[in-house]
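The values are calculated or read from the model by the stated rules, or taken from the named source; none is laboratory data. What you are looking at is a predicted structure, and each value in this text was computed from that prediction instead of being measured. With ideal geometry, Cβ positions are generated from the backbone for all residues, glycine too; neighbour counts draw on all protein chains shown. Areas reflect the complete protein model, heavy atoms only, side chains present, ligands, DNA and RNA absent. Shrake-Rupley method; radii C 1.70, N 1.55, O 1.52, S 1.80 Å.
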Amino acid sequence: MSDDFLKNPLALFDVRGKTAIVTGASGAFGALAAKVLAGAGANLVLSASNAAELKKVADACIALGGKAEVVAKRPNSEANCDAIVKAAVDRFGRVDILVVASGLNKVSKIVDQPAADFLEIIDANVTQSWLMARAAGRQMIKQGDGGKVILMSSARGLLGHPAGYTAYCASKSAVDGITKALGCEWGETGITVNALGPTVFRSPLTQWMFEDNERANTVRKGFLTRVPKGRLGEPSDLAGPLLFLASKASDFYTGHILYADGGYTAG
């Protein structure tokens with residue numbers, strides 16, 4: 001085995017010129033993933049249903065030095081997933097990285113939650129992850145030189161929650177199952193399949209938990225009793241793990257769920 005990598009270990013994290021698809025790119029994690037990869041020199045194909053927000057993310061990626069193509073579609077059908085992959089191939093010639101950041105949660109106690117809501121969450125988080133991984137995987141296998149698939153899990157794929165998370169927890173456990181099964185299935189292809197599993201990190205949806213008021217302080221204090229690092233997550237806490245999973249540095253890692261949670265799932 002060559003030890004040439006020791007001359008420049010940082011090259012293991014180099015994604016310059018790679019083509020990355022990011023679904024759910026108008027959401028908090030999707031936008032962050034797109035900007036991190038753009039700043040690292042990757043070409044981006046950004047997918048989401050909100051065309052106006054998608055353009056804002058694309059403009060930010062271009063400002064960071066990346067190239068960006070937008071596809072105003074959600075990965076909620078075989079045709080849409082194929083169209084997203086085709087856009088990447090048409091613009092950049094190939095697909096190297098897939099980040100599935102699209103997803104959904106509707107918090108409700110099981111006795112109150114309509115079955116339609118449960119099925120919608122499963123579709124958004126599980127079926128769409130499966131469809132998008134399949135579409136991108138077909139292209140990566142055709143290319144013949146591997147690739148990186150990064151799915152979006154959660155600490156809730158491992159742990160329950162009393163507030164009404166049966167659908168969400170079930171969906172993220174299923175994403176974990178897809179990650180492990182595909183990691184095995186594609187092991188010899190050079191394609192790695194891993195998932196990021198964050199707990200609470202700063203985003204428009206969680207910003208209230210970071211505020212200085214009675215409700216936020218009470219909820220935050222209770223939550224942090226289970227977080228060894230003693231704080232909530234910041235977007236930068238996800239950037240490093242994402243770049244690791246998207247780069248050559250993680251070539252020997254597949255079928256893993258990487259928890260970005262300050263130790264929450266360790267206790």
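From the list Asn80, Asn125, which one is open to solvent by 20 Å² or more (accessible area, probe 1.4 Å) and either among the basic types (Lys, Arg) or farther than 15 Å from Ala20 by Cβ (or both)? Result of the check over Asn80, Asn125: Asn80.
Yes or no, residue by residue, for (1) under 28 Å from Lys148 (Cα atoms); (2) of a type in the set (S, T, N, Q); (3) open to solvent by 40 Å² or more (accessible area, probe 1.4 Å):
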position	(1), (2), (3)
Ala195	yes, no, no
Met209	no, no, no
Ser236	yes, yes, yes
Lys248	yes, no, yes
Tyr259	yes, no, yes
Thr265	yes, yes, no
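Enumerate the pairs (first residue in the range 49-78 and more than 23 Å from Ala124 (Cα to Cα); second residue anywhere and loosely packed, with under 14 Cβ neighbours inside 10 Å and among the aliphatic types (A, V, I, L, M)) with beta-carbon separation below 6 Å, excluding pairs fewer than 6 apart on the same chain, so at least 6 apart or on different chains. Pairs found: Ala68/Ile62. Consider the range 179-195 and keep the residues that are hydrophobic (A, V, I, L, M, F, W, C) and touching a helix residue (DSSP H, G or I) at 6+ places or on another chain (Cβ under 6 Å). The one that is nearest to Gly263 (Cα to Cα) is Ala195.
Report yes if Ile62 is aliphatic (A, V, I, L, M), touching a helix residue (DSSP H, G or I) at 6+ places or on another chain (Cβ under 7 Å) and either in a loop (DSSP other than H, G, I, E, B) or at pLDDT 95 or above (or both), otherwise no.
no
In the range 81-113, the qualifying residues are those that are free of Cβ contacts under 8 Å to residues at least 40 places away in the same chain and under 23 Å from Leu182 (Cβ atoms), and the one that is nearest to the chain's Cα centre (by Cα) is Leu104.
Scanning the range 21-52 for residues that are under 12 Å from the mean Cα position of the chain (by Cα) and among the small types (Gly, Ala, Ser) gives Gly24, Ala25, Gly27, Ala28, Gly30, Ala31, Ala33, Ala34. Among the basic types (Lys, Arg) and more than 30 Å from Lys18 (Cα to Cα), is that true of Arg231? For Arg231, the condition - among the basic types (Lys, Arg) and more than 30 Å from Lys18 (Cα to Cα) - is met. Within the range 227-267, the set of residues being in contact with a helix residue (DSSP H, G or I) (Cβ under 8 Å, 6 or more places away or on another chain), among the charged types (D, E, K, R) and over 15 Å from Ser154 (Cβ atoms) comprises Arg231, Lys248.
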